[in-house]
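K.L.:
Got a structure here, written out as structure tokens. Questions coming.
The values are calculated or read from the model by the stated rules, or taken from the named source; none is laboratory data. This is a predicted model, so every value here is computed, not measured. Because the Cβ atoms are built from the backbone with ideal geometry, glycine has one as well, and the counts that use them run over all protein chains shown. Areas reflect the complete protein model, heavy atoms only, side chains present, ligands, DNA and RNA absent. Shrake-Rupley method; radii C 1.70, N 1.55, O 1.52, S 1.80 Å.
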Amino acid sequence: MYFSSRLTVDPSQLTRIEKVEPTKAFKRLLHFMTGGAVADKVEHETFAAVSVLQQFNRLFWSLNIDNIVRLSHDDIDIYEDLEGRKGDLKEALDKYELTVNDAMSELFKTIHLVLEHEDANFIYLIEIDINRSHDVGEYPIELAVNAMLKEFKAKPGENADGLKARMKDKFLNQEVYEGFLTEKRVAFDGFISQVEMDIRKHIKIDDIKVDTNLRMIVPKEKAERPKSIRRKVRGGAGGGPIYDGYHGFDDVIFYGLLWSAMAHDHHIHVPESTLMSEEGDVIGSIDEGGMDAGEATLFNDSASYDDRISDFESSTVEMDSVSSDSGSSWFSDFTGGDWGGDSSSSCSSCSSCSSCSSCGGD
């Protein structure tokens, strides 16, 4: 169990909107047939990388965050902490300004940062992506905040039995469990509210959106001791920076690999949550009605992972699909209802048109 929040920020900057050749097969054909009249659109931010990092530096200092884990420019690592150093933010930013020339600063694609922070309740990993180009309507700055429970960080040499013994008091009964989650949720929301307020104070913005949820990891097998969990592509889409295998975080997230099994063993009714794999992929979700973990095969780590996933999928009664009689025409699905197209449109028969045969793929 850990808390996750995603903040998307629209800075007050001048932007430039450009037409680009569509990626979908049918729209690409129309693009050539109409001499380029059918096109997708992207939005380019005009801010320089150095200037926006300077604004974020003021934000970090206001939040007492001075510990950086990683800083990269267009997938080139400028700085990465492989030793667990503290207070290295200034060093990383100084190195960035010395490394990046004016052209790189003006024409960058993505700046990626990962920062570590601690308070009385949590150990945070904060992932920030600053995107110069993005779809029209999307915000160029994204923050993913993962908060792990500080009190359950594994001690040196501690195994699963030892950590479970420290955790068991939170699973005594439903009232104790819910009271603990409520206490920690209030603390996490307070931190996110402070982050949002300081963003508004130190960075000129037009809008900011915040989405927060509770997440639970479903491990592939019983975890006997701390181990690395990581997504396939570091810094890629997924559950957030805790899945990137950064230095020292095996001990931090170990309790998260035990949480679902303990909820199962103590018949805890778990609240609305997002269920995650060890690779940071979304397995599914628990709706607002919650779920009795004791009756859920998914949380029984004595069963095989494939059987648990299969049982969970077969028990899910609502699937994310759109019926064929939804009223959306095949033509509007491809073109967004006009010759200019809409890059956010998708085929009604699938969740992603990038590879399905029904719409031609990319």
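K.L.:
Within segment 275-284, identify whether any single residue is surrounded by fewer than 16 Cβ atoms within 10 Å (Cβ to Cβ) and either under 25 Å from residue 168 (Cβ atoms) or among the β-branched types (Val, Ile, Thr) (or both), and answer yes or no.
P.N.:
Yes - at least one qualifying residue is present in segment 275-284.
K.L.:
Mind checking which strands (runs of 3 or more DSSP E) fall wholly inside segment 201-313 and carry at least 2 residues that are of a type in the set (Ser, Thr, Tyr)?
P.N.:
Strands (runs of 3 or more DSSP E) meeting the threshold: 273-276.
K.L.:
In this structure, does residue 197 turn out to be of a type in the set (A, V, I, L, M) and either touching a Gly at 6+ places or on another chain (Cβ under 9 Å) or part of a loop (DSSP other than H, G, I, E, B) (or both)?
P.N.:
no
K.L.:
Scan 211, 251 and give me the residue that is surrounded by fewer than 20 Cβ atoms within 10 Å (Cβ to Cβ) and touching a strand residue (DSSP E or B) at 6+ places or on another chain (Cβ under 7 Å).
P.N.:
211
K.L.:
Would a scan of segment 291-303 turn up a residue that is among the acidic types (Asp, Glu) and open to solvent by 50 Å² or more (accessible area, probe 1.4 Å)?
P.N.:
Within segment 291-303 (the criterion being among the acidic types (Asp, Glu) and open to solvent by 50 Å² or more (accessible area, probe 1.4 Å)), the answer is yes, since at least one residue qualifies.
K.L.:
Turning to a different aspect of this structure: If we scan segment 185-208, do we find a residue that is closer than 21 Å to residue 155 by Cα and open to solvent by less than 80 Å² (accessible area, probe 1.4 Å)?
P.N.:
No, segment 185-208 contains no residue that is closer than 21 Å to residue 155 by Cα and open to solvent by less than 80 Å² (accessible area, probe 1.4 Å).
K.L.:
Taking the options 129, 77, 94, name whichever one is under 25 Å from the mean Cα position of the chain (by Cα), more than 22 Å from residue 255 (Cβ to Cβ), without any contact (Cβ under 8 Å) to a residue 12 or more places away in the chain and open to solvent by less than 80 Å² (accessible area, probe 1.4 Å). Lay out the reasoning, then the answer.
P.N.:
Values: 129 fails: without any contact (Cβ under 8 Å) to a residue 12 or more places away in the chain; 94 fails: under 25 Å from the mean Cα position of the chain (by Cα).
Going through 129, 77, 94 in turn, just one is under 25 Å from the mean Cα position of the chain (by Cα), more than 22 Å from residue 255 (Cβ to Cβ), without any contact (Cβ under 8 Å) to a residue 12 or more places away in the chain and open to solvent by less than 80 Å² (accessible area, probe 1.4 Å): 77.
K.L.:
Turning to a different aspect of this structure: Do we find that residue 28 is part of a strand (DSSP E or B) and modelled with pLDDT under 90 in this structure?
P.N.:
Numbers: part of a strand (DSSP E or B): no; modelled with pLDDT under 90: yes.
So residue 28 does not fit the description; no.
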